[in-house]
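The structure under discussion appears below in the form of structure tokens.
The values are calculated or read from the model by the stated rules, or taken from the named source; none is laboratory data. These numbers come from a predicted model, not from an experiment. When we count neighbours, we look across all protein chains shown, and the Cβ atoms used for this are built from the backbone with ideal geometry, even at glycine.
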Amino acid sequence: MNLLNRDGIMHLSLLKGQARAILIESTQMVERAKQIHGLSKIATAALGRTLTATAMMGSMLKGRGESVTASIRGGGPIGTVLAVSDENSTVKGYVDNPGVDLPRTGPKLPVGAAVGREGRLSVIKDMHMREPYVGQVNLVSGEIAEDFAMYFTASEQIPSLVSLGVLVSEERVQAAGGLIVQMMPGASEAAIQSVEGSAGMFMDISGTMKEYHLEGAAEQLLSHLQPVVLERRDTRYACDCSRERVERALITLGAEELRDMIQTQHGAQVDCHFCNKRYAFTEDQLQALLDAATGRSNAQ
């Protein structure tokens, strides 16, 4: 396996500013998620596609400390699929059932059947305003790329082509990537037709990434659309959990819940959904948090 980190995101202007594209190689990001969560092939594909799309959305954020959270609840056996990205396109995520397995009915993994189609894609953007932006759309197929395309078109009013792909073997993620192409306001009919006519070229994004990687994929997929690279940045999977954050979360549970942990459970263990790290708290440590929650000092 090539240990060189090729993952990255490119922002490009197309057709002299009449369209824009975001292209990502996310192979090692998705492989990291697979290792952390012990994902099956179907779960790797589902979470990998969602992480890839969310990282691209994170790259659209402007302010320091902003974040975007995408969650898919389709009623299928995989349960919830959730991903979070910060403004630097550092992502984390999880699925409820990482070991989900379904029989194939064709050449592709049955991601739509695992996710389900009777639910919604929800997107929450925390941009440090009074209230976060929340957008929701009904799922189109549960295949995830089509669902994000519907989100951009229906919720953000930006017609978009979205391609997401994860190529995974039993041992590892061989390739993963994504592409979003969006028309800009005032684009000509000829520009729109040029982009729409290219949609078929974008569909096997994981195969393209496996062969060409990020810069080569940009040339292969977009050269006929007069691409101009505006930005290139790194992207990765990483969790920012800490003991301090877990302590603050426990305090927010309130005094009654903390007393129950002390008197009934005689301690607590808190697992991070995103990296599976476990934080253990003794009775004395919980008592200190209870003191903080009730405004008393340890001396009292």
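For the reader, a short list of remarks on this structure follows.
- Among the candidates Ser242, Ser206, residue that is under 30 Å from Ala280 (Cβ atoms) and either of a type outside the set (Val, Ile, Thr) or modelled with pLDDT of 95 or more (or both): Ser242
- When Glu244 is tested against (1) closer than 26 Å to Val168 by Cβ; (2) surrounded by fewer than 16 Cβ atoms within 10 Å (Cβ to Cβ); (3) of a type outside the set (S, T, N, Q), exactly one condition is not met: (1).
- Residue match in the stretch 109-126 (condition: in the same structural domain as Gly200 (by TED's automatic domain parsing), assigned to a loop (DSSP other than H, G, I, E, B) and within 29 Å of Ala218 (Cα to Cα)): yes
- Selection count where residues are closer than 20 Å to Met56 by Cα and out of contact with any strand residue (DSSP E or B) (no Cβ under 6 Å at 6 or more places or on another chain), scope the stretch 123-138: 2
- Extreme residue, farthest from Ala45 (Cα to Cα), among residues of the stretch 181-226 that are of a type in the set (A, V, I, L, M, F, W, C) and assigned to a loop (DSSP other than H, G, I, E, B): Ala187
- In the stretch 59-91, the residues that are buried (at least 24 other Cβ atoms within 10 Å of the Cβ) and either under 14 Å from Arg120 (Cβ atoms) or not assigned by TED's automatic domain parsing to the domain that holds Ile144 (or both): Ala70, Ile72, Gly74, Gly76, Val81
Residues checked against (1) more than 30 Å from Val30 (Cα to Cα); (2) not in a strand (DSSP E or B):
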position	(1), (2)
Val246	no, yes
Glu256	yes, yes
Met261	yes, yes
Gln269	no, no
Phe274	no, yes
Asp284	yes, yes
Leu289	yes, yes
Ala293	yes, yes
